[in-house]
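Asker: Attaching a single structure in structure tokens format; questions to follow.
The values are calculated or read from the model by the stated rules, or taken from the named source; none is laboratory data. Computed from a prediction, not measured in an experiment: that's the story for all the values here. Glycine also receives a Cβ, built like all others from the backbone with ideal geometry; neighbour counts cover every protein chain displayed. Accessible surface is based on the protein model in full, side chains and every heavy atom, while ligands, DNA and RNA are left aside. Shrake-Rupley method; radii C 1.70, N 1.55, O 1.52, S 1.80 Å.
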Amino acid sequence: MPAFRFNGYVIVSADGMLADASGVMPDTLKFPGDLAFFTAGLDRADLIVHGRHSFEDQPNSPKRKRIIVSRSIAAIGPDPENNKATLWNPAGASFEDACAHAGVHAGTVAVIGGPSVFEMFFDRIDVFWLSQAPHVRLPGGEGCFPGVPERSPQDILSSHGLQTSEVQILDSAHEVTVTAWRRVS
């Protein structure tokens with residue numbers, strides 16, 4: 001049995017964007033149902049992994065252990081701004097070494113982005129929770145994964161061995177859904 005289980009989380013616009021042209025997630029892409037789903041997933045995780053510009057900004061955020069992907073250090077080190085965070089440069093150390101530094105040796109890892117962080121973990125993801133807001137468009141925005149919008153987020157997940165399973169409605173008024181993309185055995 002693997003030591004870690006990896007879950008990915010992102011909400012995207014109809015055109016596959018996770019941020020607007022200025023690199024910020026706009027309020028038009030924020031929905032209470034998705035926030036509740038995301039928060040519950042993070043509350044169950046043993047470790048959060050994200051880049052320097054991705055974070056969840058929630059009441060429980062300071063309580064969560066995390067690894068922040070950063071090129072500002074050579075390998076692994078403490079985050080001087082957050083005693084629950086480990087800074088990790090993948091060019092200088094393995095993910096497992098970063099986990100050991102964070103004091104996490106097994107459990108659920110929640111990967112929350114950005115695009116290059118998702119790309120690092122695609123082939124380790126067990127379940128990717130892709131939330132979609134079909135009535136929001138972010139022209140010129142930041143694609144959720146490298147290769148978006150040339151390819152759809154669904155095509156990219158499928159190309160990494162993930163298949164759709166259940167779909168949940170998170171906001172019926174805005175038709176926001178979340179689809180579980182699970183690893184094919």
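Asker: Keeping every protein chain present and rolling a 1.4 Å probe, give me the accessible area per residue for segment 18-87 in Å².
Answerer: The answer is 57 Å² per residue.
Asker: Another one. Rank by packing, highest mean first: peptides 34-44, 74-84, with packing defined as the count of other Cβ atoms within 10 Å averaged across residues.
Answerer: Going by the mean number of other Cβ atoms within 10 Å, highest first, we get 34-44, 74-84.
Asker: Also, I was wondering about something else. How large is ³J(HN,Hα) for each residue in segment 112-123, as worked out from phi by the Karplus curve 6.51 cos²θ - 1.76 cosθ + 1.60 (θ = phi - 60°), to whole Hz, x for Gly and Pro?
Answerer: Karplus-based 3J(HN,Hα) across segment 112-123 equals 10, x, x, x, 5, 5, 4, 4, 5, 10, 3, 7 Hz.
Asker: On a straight-distance basis, which aspartates and glutamates could pair with LYS84 in a cross-link, Cα separation under 15 angstrom, same-chain partners fewer than 8 positions away excluded?
Answerer: In chain and number order, the partners are ASP43, ASP46, GLU56, ASP57.
Asker: Once amide H atoms are built 1.01 Å from N in the peptide plane, which residues 5 or more positions from VAL12, or in another chain, come under 5 Å H to H?
Answerer: SER131, GLN132, ALA133
Asker: Give me, ordered by chain and number, the residues 5 or more places off ALA19 or on other chains with an amide H under 5 Å from its own placed amide H.
Answerer: Residues meeting the amide H criterion: GLU142.
Asker: OK, next. Counting other Cβ atoms within 10 Å, which GluC sites (Glu not before Pro) in segment 96-185 have at most 16 and lie in a DSSP loop?
Answerer: Loop-located and lightly packed - GLU150, GLU175.
Asker: Please list, ordered by chain and number, the residues whose modelled amide H lies under 5 Å from the amide H of LEU170; skip anything fewer than 5 residues away on the same chain.
Answerer: Placed amide hydrogens put VAL176, THR177, VAL178 under 5 Å from LEU170.
Asker: Counting Lys and Arg as +1 and Asp and Glu as -1, each charge on the Cβ, what is the dipole of the chain about the Cα centre in debye, to the nearest 20?
Answerer: 440
Asker: Right, here's the next one. Roughly how far apart, in whole Å, are the Cα centres of segment 76-100 and segment 134-182?
Answerer: 29
Asker: Determine ³J(HN,Hα), in whole Hz, for all residues of segment 93-103 in sequence, where each value follows from phi through the Karplus function 6.51 cos²θ - 1.76 cosθ + 1.60 and θ = phi - 60°; x replaces Gly and Pro.
Answerer: Coupling constants for segment 93-103: 7, 7, 4, 4, 5, 5, 5, 4, 4, 6, x Hz.
Asker: For segment 156-163, in order, what is each residue's ³J(HN,Hα) by Karplus, 6.51 cos²θ - 1.76 cosθ + 1.60 with θ = phi - 60°, in whole Hz (x at glycine and Pro)?
Answerer: 5, 4, 4, 5, 9, x, 9, 10
Asker: In addition: Just the number, please: percent antiparallel of the DSSP beta bridges in the chain, rounded to the nearest 5.
Answerer: Counting only bridges with both partners in the chain, antiparallel ones make up about 45 percent.
Asker: Just the Kirkwood number for the chain, please: inverse of mean 1/r across all distinct Cα pairs, in Å, one decimal.
Answerer: Averaging 1/r across every pair of different Cα atoms and inverting gives 16.7 Å.
Asker: Give me the percent of the accessible area of segment 91-185 that comes from carbon and sulfur atoms, probe 1.4 Å, all protein chains in place.
Answerer: Whole-percent figure for carbon plus sulfur exposure: 49.
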